[in-house]
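The values are calculated or read from the model by the stated rules, or taken from the named source; none is laboratory data. As the structure is a computational prediction, the values presented were derived from the model and not from experiment. Positions of Cβ are backbone-derived with ideal geometry, glycine not excepted, and every protein chain shown enters the neighbour counts.
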Amino acid sequence: MNDKAFTFQTLHPDTIVDALFDQGIRVDSGLTPLNSYENRVWQFQDEDRRRFVVKFYRPQRWSAEQILEEHQFALELLSDDVPVAAPIAFDGKTLLNQQGFSFAVFPSVGGRQFEPDNLDQIEWVGRYLGRLHQTGRKKTFSHRPAIGVKEYLQEPRQVFETTLLIPSSLKADFLAAADKLIDAVMQQWHSRSAMLRLHGDCHAGNILWRDGPLFVDLDDSRSGPAVQDLWMLLHGDNAERRMQLDIVLEAYEEFSTFDTAELALIEPLRAMRMVYYLAWIIRRWEDPAFPVNFPWLTGEDNWRRQTAMFLEQVRVLQEPPLQLTPMY
């Protein structure tokens, strides 16, 4: 796919309203943009005061087959009573098209933000992630990718090499730090863990709370080890993270078994996310939304900080991995 392909400039409000009208939905409230950089997402009410969210997918990021696998997974989860935001079907179709844009419509699900410091909420999330993975193991993705070093390390390294956004005076040091981090991850990364269908981006911002957790935004859903959906819930010092991990896994294992060998993948996965995320911003720089929302990217202080963060993560990777609290 061409990461530089960008045609959202031609996505006008009239196009969105017409697309919804063609599906029998009359927008009555105006369109309220929601926080999304990768796609374009709006909330609205129809004439019956029902609330919806419409999501227009970034052109050329996912194929139609890949988006439909995301939709099917969400609908499977909903059928298994896992609380997720799943797309609405129109005449049996969840993936729609308007003037070359792929889009989907979702019910607008209210809720407050998940509280990652609330241990009761963490327990609930662990339980429902166990159920989510129980569904995820029933079949495999045919079109969506798996987490791996090519997409998360090797391709971003090429982006770093060729971009003009890194100040020339700092580029050599940054690339050297990136190479050390990539080498450190490669020494620890393995694909022996069972791969299953995941949420893929299960951080606190993608969990709402409505008398329990509600998972939103399966846009990054892919195959990978179960721990990918767990490690982003952990924060704080080692003692705090170990306590959170104990709570999450005890609840998780009410529904799914967990291979504790995957705990050794937490810091490699964190490093892969750091590398991939930075390259993602660089790739999207031609999108006008990115310079506005990430103005710090081109500053020298940022690249010094990124270099230091990469080297610090190299150090972290040399430490023993996080473990469960021993039971006596």
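Things to note:
- Pairs where the first residue, in the range 157-178, is under 10 Å from Ile282 (Cβ atoms) and the second is not in a helix (DSSP H, G or I), C-beta under 8 Å, 6+ apart: Phe160/Ile166; Leu165/Trp285
- In the range 236-261, of all residues being among the small types (Gly, Ala, Ser) and modelled with pLDDT of 95 or more, the one that is nearest to Gly212 (Cα to Cα) corresponds to Ala251.
- Whenever a residue of the range 18-31 is under 13 Å from Phe52 (Cα atoms), its partners that are polar (S, T, N, Q), lying with C-beta atoms within less than 9 angstrom and at least six residues away or across chains, give the pairs Leu20/Gln98; Val27/Gln45; Asp28/Gln45; Ser29/Gln43; Ser29/Gln45; Gly30/Gln45; Leu31/Gln43.
- For the range 40-59, the count of residues that are in contact with a Gly (Cβ under 8 Å, 6 or more places away or on another chain), closer than 20 Å to Arg283 by Cβ and not assigned by TED's automatic domain parsing to the domain that holds Phe141 is nonzero.
- Restricting the search to helices (runs of 4 or more DSSP H) fully inside the range 237-320 and requiring at least 3 residues that are closer than 30 Å to Gln9 by Cβ gives 266-283, 289-293, 300-317.
- The residues of the range 282-307 that are under 23 Å from the mean Cα position of the chain (by Cα) and either among the basic types (Lys, Arg) or on the phi > 0 side of the Ramachandran plot (or both), listed by number, are Arg283, Arg284.
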